[in-house]
Amino acid sequence: SQQGEEDPQALSIQEGENATMNCSYKTSINNLQWYRQNSGRGLVHLILIRSNEREKHSGRLRVTLDTSKKSSSLLITASRAADTASYFCATDAAGGNEKLTFGTGTRLTIIP
Amino acid sequence: EPEVTQTPSHQVTQMGQEVILRCVPISNHLYFYWYRQILGQKVEFLVSFYNNEISEKSEIFDDQFSVERPDGSNFTLKIRSTKLEDSAMYFCASRGTGWNYEQYFGPGTRLTVT
């Protein structure tokens, strides 16, 4: 798989349920960032987790990072219709120039 | 809240024409980036820029591409002779100084080459 692969590719849940998306990557990283993209629109920064962190929270978002497994997860609790979007992880490779390598994304649909 | 802005939001151009995409990064940021996203594909890194010079560029960023920071606020991407395959959404991003800072993206410019 390529650097930054999310799964599932698509996820549909009922409003109010929790949504979990996963990201795997291949190289050592400085940090991993999650972004949201509404259809055809810009990338909205959600959260950054550094390589020495294991878990981070921001509102209804919870991100975990397991550097031994080279994986991260994004949990959105109590989902809302407005959470419908594509979600991407992006890694900043260790020793790199802080360019981000994006995953393929998870398309999340919240059913009202 | 400060944000990255980009103009135009949509640019239609004919093959072979030159285009300039404009970005205004967040004012106290010093690191700037361009990425692109071809429809239905991943976001891809093009180039990073710091201290008035390119710090890294991808294989995509060939001689037809150039970047410039003409003044203290704008950051531009020029494509000299556009090709059909340049059609994509182009995103500008910036980040603050120091290590391990978030990259904030602009809303993008949709470039359509006909």
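The values are calculated or read from the model by the stated rules, or taken from the named source; none is laboratory data. A quick note: this is a predicted structure, and the numbers were derived from the prediction, not measured. Note that each Cβ is placed from the backbone with ideal geometry, even for glycine, and that neighbours are counted across all protein chains shown. These accessible areas exclude ligands, DNA and RNA; they are computed on the full protein's heavy atoms, side chains included. Shrake-Rupley method; radii C 1.70, N 1.55, O 1.52, S 1.80 Å.
Per-residue mean of other chain beta-carbon atoms within 10 angstrom of the beta-carbon, peptide A:39-52?
4
Under unit Cβ charges (Lys, Arg +1; Asp, Glu -1), what dipole magnitude, rounded to 20 debye, does chain A have relative to its Cα centre?
The dipole magnitude comes to about 140 debye.
With 18 Å as the limit, write out which pairs from A:K99/B:K42; A:K26/A:K56; A:K69/A:K99; A:K26/B:K57; A:K70/B:K57 have Cα-Cα distances beyond it, or answer none.
Checking Cα-Cα distances, A:K26/A:K56; A:K69/A:K99; A:K26/B:K57; A:K70/B:K57 exceed 18 Å.
Using +1 on the beta carbon of Lys and Arg, -1 on that of Asp and Glu, and nothing else charged, what's the dipole of chain B about the Cα centre, debye to 20?
Dipole size: approximately 180 debye.
Sorted by accessible area with a 1.4 angstrom probe, largest first, how do A:S24, B:S94 fall?
Correct descending sequence by accessible area is A:S24, B:S94.
Return the loop-located trypsin sites (Lys or Arg not before Pro) in the range A:1-60 (DSSP other than H, G, I, E, B) with at most 16 other Cβ atoms within 10 Å of their own Cβ; answer none if there are none.
For trypsin sites (Lys or Arg not before Pro) across the range A:1-60 that sit outside H, G, I, E and B with at most 16 neighbouring Cβ atoms in 10 Å, the list reads A:K26, A:R41, A:R54, A:R60.
Kindly provide the GluC sites (Glu not before Pro) of the range B:1-83 that DSSP labels as loop, not H, G, I, E or B, and whose Cβ sees at most 15 other Cβ atoms within 10 Å.
Sites meeting the loop and neighbour criteria: B:E3, B:E18, B:E59.
Under a Cβ-only charge scheme (Lys and Arg +1, Asp and Glu -1), can you give me the dipole magnitude of the protein assembly as shown about the Cα centre, in debye to the nearest 20?
260
Give me the summed buried accessible area for the B-A pair, 1.4 Å probe, to the nearest 100 Å².
Separately minus together, B and A give about 1900 Å² buried.
Which percent of the accessible area of the range A:5-111 is formed by carbon and sulfur heavy atoms (probe 1.4 angstrom)?
44
Which order do B:T13, A:T101 take by accessible area at a 1.4 Å probe, largest first?
Of B:T13, A:T101, the descending order of accessible area is A:T101, B:T13.
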